[in-house]
Amino acid sequence: MPRETIQTPHAPAAIGPYSQAIAVDRMVFLSGQIPLDPQSGQLVEGGIEAQAKQAFTNLKAVCEAAGGRLDNCVKLTLFLTDLQDFAVVNQTMQSFFEAPYPARSTIQVSALPRGASFEVEAIMIR
């Protein structure tokens, strides 16, 4: 089955051997987005709320590059370095998504690339 590589300058470039997203038919698998500013390539400042907002903004840009919207996401995986930030991330997520919300898993991890506190990956149907 053919795969389509999704790439946009409106989200950070991959920092390893992976694509921002891969589409197979109507399914789009979006790589994890950390809170890097796509222009500077630097981690945003301002704590977990600013980091979650930037990561969701990056995810939105990749969704749009794939021909979809955040509301087309059917599954999210959230990675937090501190589950104490769970409520803030939930509140931030609600400013990007509307009900019915995607299915979701949230995992606490010991570390994320570039010292980020938050990362989000998704599966989207376009």
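The values are calculated or read from the model by the stated rules, or taken from the named source; none is laboratory data. Just so it is clear, the model here is predicted, and its values are computed rather than measured. Cβ: placed from backbone, ideal geometry, glycine included. Neighbour counts: every protein chain shown. Calculation scope for accessible area: heavy atoms of the full protein, side chains included, ligands and nucleic acids excluded. Shrake-Rupley method; radii C 1.70, N 1.55, O 1.52, S 1.80 Å.
A few comments on the model shown:
- Computed over neighbours whose Cβ is under 15 Å from that of V109, the net charge equals -3, Lys and Arg +1, Asp and Glu -1.
- Taking all protein chains into account, the per residue accessible area for segment 20-72 stands at 45 Å² (1.4 Å probe).
- Around F79: net Lys/Arg minus Asp/Glu count, Cβ-Cβ under 15 Å: -1
- Heavy-atom accessible surface of the chain: percent carbon and sulfur, 1.4 Å: 50 percent
- Beta bridges per DSSP with both ends in the chain, % antiparallel, nearest 5: 75 percent
- Projected label distance in nm at T77 and Y101, using a 7 Å step from Cα toward the beta-carbon: 1.9 nm
- Under the combined filter of DSSP loop state and at most 11 neighbouring Cβ atoms within 10 Å, segment 1-75 retains these chymotrypsin sites (Phe, Trp or Tyr not before Pro): Y18.
- Answer label, with Kirkwood radius over Cα pairs in Å calculated from the coordinates and candidates (1) 16.5; (2) 17.0; (3) 14.4: (3)
- Highest-first arrangement of 36-46, 58-68, where packing means the average Cβ count within 10 Å: 58-68, 36-46
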